[in-house]
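Down below is the structure, laid out as structure tokens.
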Amino acid sequence: MINAKTIIDKLPTIPNEEDVDDLLREELKNFNRKIVVLDDDPTGTQTINNTYVFTHWRLQDIEEGFSDSRNMFYILTNSRSFTKKHTIEVHRKIVENVKEIAKKQHKDYVLISRGDSTLRGHYPIETEVMKETLEKDTDIKVDGEVIIPFFKEGGRLTINNIHYVKVGDDLIPAGETEFAKDKTFGYIESDLTKWVEEKTNKKYLSQSVITISIEDLRELNIDKIVSQLMRVTNFNKVVVNATEYADVKVFVIALIRAMNKGKYFIFRSAAALTKIIGGISDKELLTKKELVADNNNGGLIMIGSHVQKTTDQLKKLLELDNVESTEFNVNSVLNDEDLANEKQRINDFISKNISTGKSVVVYTSRKVIDVKNDKEKSLQLSVKISEAITGFVKELKTKPGFIIAKGGITSSDIGVKGLGVNKALVAGQIKPGIPVWYTGNEAKFSGMPYVIFPGNVGEIDDLRDIVYELSN
């Protein structure tokens, strides 16, 4: 653990952002490719606005994405809740469909695998399948994979190849955090070059990984970075250091120049890269006036994530006087009769309060069911719990003023299965890193603000403040 200011103050000065923005705008004009983002849970929209997210990957959905005037669209895979086998099948099918539509429309494209900024998820399986499927029966040869988990809004910074999680005033190497101890997606290394070696079982060695330094980014050594990228072959990995969006902007300038010279990359990134390469402009935080204009019913807040940050935020939320809350006993999923009774109790609790204008909080037990290091069983139980939570939304008869879902799997299942969203428009963010979708016409409640609150993001008071603002 190190003091954040101590290490950040030692970094080179950020270049003049107006100059960087001018250079970036010129390069983006020459980047005539549709950007297709495969997002492993809904929280990946936490930096963007005015962009469509599709929750299915049928040919007609992908064709709609390619036909839209925007240069980027998201496909929500929700693969962080999948088994390895299902993840492979889904990624193969998505890329096959993307290839078919791109060929039909005569459009070039790039693929981004948007993953967790704390390095959890099905890596390297997802990008390996994307590469293999992309190259099959085409002239495309993927030269390399860019890895950039920087996400400023969540305090995820990469310095000297070490990926950090900011907690208060301190930076903790990612491998020393609770996220690295994830029962399904755990890891040891914080140095991303060594993390690559660890996750690929030494298929790609740490010393072979190309690293883009903050020093070169801040000193605008763009030609040097282009040269580094031009040397990448055989799907080698490129790690990008960053603590500010300016770092990503300079990298994207060099990246586009390299790609326009013939290099082909796919990406494993957190949410920052998509904002920059997608040319997404900044937008002020959303307000209640924009989101909840004409609905006097209470909101519904569903808390599925059990990371410590969520638990701390939940405690603050429960201090509010104008919300009613109940705990969903997750142990009930181990017995069908217990689960049926628990579902009925919570359904009655929600319907009784929302129609009277009270917002309702339903949260899962904070203690995780012990599965004795069985990763597949852990995933299956998580899905079963999420399915139960989804059922609470399905059973709603009254349209809530808003819905907030806390946690990646929870927010995906509520959006796709509970609300029946096929296509949503990302409105923006209600707090830094916390996106809001407007549900589509096909949804159970169309045009409703759906707040997707990542489990590992936000200040301790953010959840409470959002609920207070939207409920009053």
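Kindly state which helices (runs of 4 or more DSSP H) lie completely within segment 169-274 and contain at least 1 residues that are acidic (Asp, Glu) and touching a residue at least 60 places away in the same chain (Cβ under 8 Å).
214-218, 245-260
Kindly indicate which of 300, 314, 320, 291 is touching a residue at least 24 places away in the same chain (Cβ under 8 Å), surrounded by fewer than 20 Cβ atoms within 10 Å (Cβ to Cβ) and on the phi < 0 side of the Ramachandran plot.
Among 300, 314, 320, 291, only 320 is touching a residue at least 24 places away in the same chain (Cβ under 8 Å), surrounded by fewer than 20 Cβ atoms within 10 Å (Cβ to Cβ) and on the phi < 0 side of the Ramachandran plot.
How many residues are among the acidic types (Asp, Glu), farther than 26 Å from residue 11 by Cβ and touching a Lys or Arg at 6+ places or on another chain (Cβ under 8 Å) when one looks only at segment 177-227?
So the count comes out to 1.
Residue 361 - would you say it is buried (at least 19 other Cβ atoms within 10 Å of the Cβ), of a type in the set (Val, Ile, Thr) and not in a helix (DSSP H, G or I)?
When the stated conditions are applied, residue 361 passes them.
Conditions first: (1) among the charged types (D, E, K, R); (2) in contact (Cβ under 8 Å) with a residue 40 or more places away in the chain; (3) outside any loop (DSSP other than H, G, I, E, B). Residue 397 passes all but one, so which condition is the exception?
It is condition (3) that residue 397 fails.
Taking segment 406-434 on its own, how many of its residues are touching a Gly at 6+ places or on another chain (Cβ under 7 Å), buried (at least 22 other Cβ atoms within 10 Å of the Cβ) and outside any loop (DSSP other than H, G, I, E, B)?
Total meeting the criteria: 7.
For segment 4-18, name all the residues that are without any contact (Cβ under 8 Å) to a residue 24 or more places away in the chain and surrounded by 11 or more Cβ atoms within 10 Å (Cβ to Cβ). Please lay out each step first, then the result.
From segment 4-18, those without any contact (Cβ under 8 Å) to a residue 24 or more places away in the chain are 6, 9-10, 16, 18; that's our starting set.
Within segment 4-18, 6, 16 qualify.
Might you check whether a residue that is buried (at least 23 other Cβ atoms within 10 Å of the Cβ) and part of a helix (DSSP H, G or I) occurs anywhere in segment 97-111?
Yes, that holds for at least one residue.
If I filter segment 13-21 for residues that are under 20 Å from residue 146 (Cα atoms), of a type outside the set (Asp, Glu) and modelled with pLDDT of 95 or more, do I get at least one hit?
no
If you check residue 43 against the conditions, is it of a type in the set (S, T, N, Q), without any contact (Cβ under 8 Å) to a residue 40 or more places away in the chain and over 18 Å from residue 94 (Cα atoms)?
So residue 43 does not fit the description; no.
Regarding segment 375-392, can at least one residue be identified that is in contact with a Lys or Arg (Cβ under 7 Å, 6 or more places away or on another chain), among the charged types (D, E, K, R) and either assigned by TED's automatic domain parsing to the domain that holds residue 327 or assigned to a loop (DSSP other than H, G, I, E, B) (or both)?
Looking only at segment 375-392, we keep the residues that are in contact with a Lys or Arg (Cβ under 7 Å, 6 or more places away or on another chain), and these are 375, 378, 388, 390-391.
Those still in the list that are among the charged types (D, E, K, R) too: 375.
Pick out the ones that are also either assigned by TED's automatic domain parsing to the domain that holds residue 327 or assigned to a loop (DSSP other than H, G, I, E, B) (or both) and you get 375.
Yes, that holds for at least one residue.
Those residues that are closer than 16 Å to residue 55 by Cβ, within 19 Å of the chain's Cα centre (by Cα) and not aliphatic (A, V, I, L, M), I need them from segment 67-85; list them, please.
Answer for segment 67-85, where residues must be closer than 16 Å to residue 55 by Cβ, within 19 Å of the chain's Cα centre (by Cα) and not aliphatic (A, V, I, L, M): 73, 74, 77, 78, 79, 80, 81, 82.
Determine whether residue 142 is part of a strand (DSSP E or B) and either of a type outside the set (Asp, Glu) or surrounded by fewer than 23 Cβ atoms within 10 Å (Cβ to Cβ) (or both).
No: the conditions fail for residue 142.
Given (1) surrounded by 23 or more Cβ atoms within 10 Å (Cβ to Cβ); (2) in a strand (DSSP E or B), identify the lone condition not met by residue 52.
Looking at each condition in turn, residue 52 falls short on (1).
Inspect segment 112-132 for any residue being over 21 Å from the mean Cα position of the chain (by Cα), assigned by TED's automatic domain parsing to the domain that holds residue 243 and closer than 28 Å to residue 230 by Cβ and give the result as yes or no. Give the derivation first.
Start the filter on segment 112-132 by keeping residues that are over 21 Å from the mean Cα position of the chain (by Cα), which leaves 132.
If we keep only those that are assigned by TED's automatic domain parsing to the domain that holds residue 243 too, we end up with 132.
Remaining after also requiring closer than 28 Å to residue 230 by Cβ: 132.
Looking through segment 112-132, at least one residue is over 21 Å from the mean Cα position of the chain (by Cα), assigned by TED's automatic domain parsing to the domain that holds residue 243 and closer than 28 Å to residue 230 by Cβ.
Which one of these does residue 157 not meet: (1) over 11 Å from residue 119 (Cβ atoms); (2) out of contact with any His (no Cβ under 8 Å at 6 or more places or on another chain); (3) buried (at least 18 other Cβ atoms within 10 Å of the Cβ)?
Just one mismatch for residue 157, condition (2).
One residue is enough: does segment 444-453 have a residue meeting the conditions in the same structural domain as residue 300 (by TED's automatic domain parsing), assigned to a loop (DSSP other than H, G, I, E, B), hydrophobic (A, V, I, L, M, F, W, C) and touching a Gly at 6+ places or on another chain (Cβ under 6 Å)? If you could, list the steps in order and put the result at the bottom.
As a first pass, look at segment 444-453 and keep what is in the same structural domain as residue 300 (by TED's automatic domain parsing): 444-453.
Now narrow it down to the ones that are assigned to a loop (DSSP other than H, G, I, E, B): 444-448.
Retained after the next criterion (residues that are hydrophobic (A, V, I, L, M, F, W, C)): 445, 448.
Retained after the next criterion (residues that are touching a Gly at 6+ places or on another chain (Cβ under 6 Å)): none.
So far as segment 444-453 goes, no, none of its residues is in the same structural domain as residue 300 (by TED's automatic domain parsing), assigned to a loop (DSSP other than H, G, I, E, B), hydrophobic (A, V, I, L, M, F, W, C) and touching a Gly at 6+ places or on another chain (Cβ under 6 Å).
For (1) under 28 Å from residue 380 (Cα atoms); (2) in a strand (DSSP E or B); (3) in contact with a Ser or Thr (Cβ under 7 Å, 6 or more places away or on another chain); (4) not assigned by TED's automatic domain parsing to the domain that holds residue 47, each residue gets a yes or a no:
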{"position": "294", "(1), (2), (3), (4)": "no, no, no, yes"}
{"position": "301", "(1), (2), (3), (4)": "yes, yes, yes, yes"}
{"position": "311", "(1), (2), (3), (4)": "yes, no, no, yes"}
{"position": "315", "(1), (2), (3), (4)": "yes, no, no, yes"}
{"position": "324", "(1), (2), (3), (4)": "no, yes, no, yes"}
{"position": "333", "(1), (2), (3), (4)": "yes, no, no, yes"}
{"position": "340", "(1), (2), (3), (4)": "yes, no, no, yes"}
{"position": "344", "(1), (2), (3), (4)": "yes, no, no, yes"}
{"position": "349", "(1), (2), (3), (4)": "yes, no, yes, yes"}
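The values are calculated or read from the model by the stated rules, or taken from the named source; none is laboratory data. As the structure is a prediction and not an experimental result, all values here were calculated from the model. Note: ideal-geometry Cβ built from the backbone for every residue, glycine included; neighbour counts use all protein chains shown.
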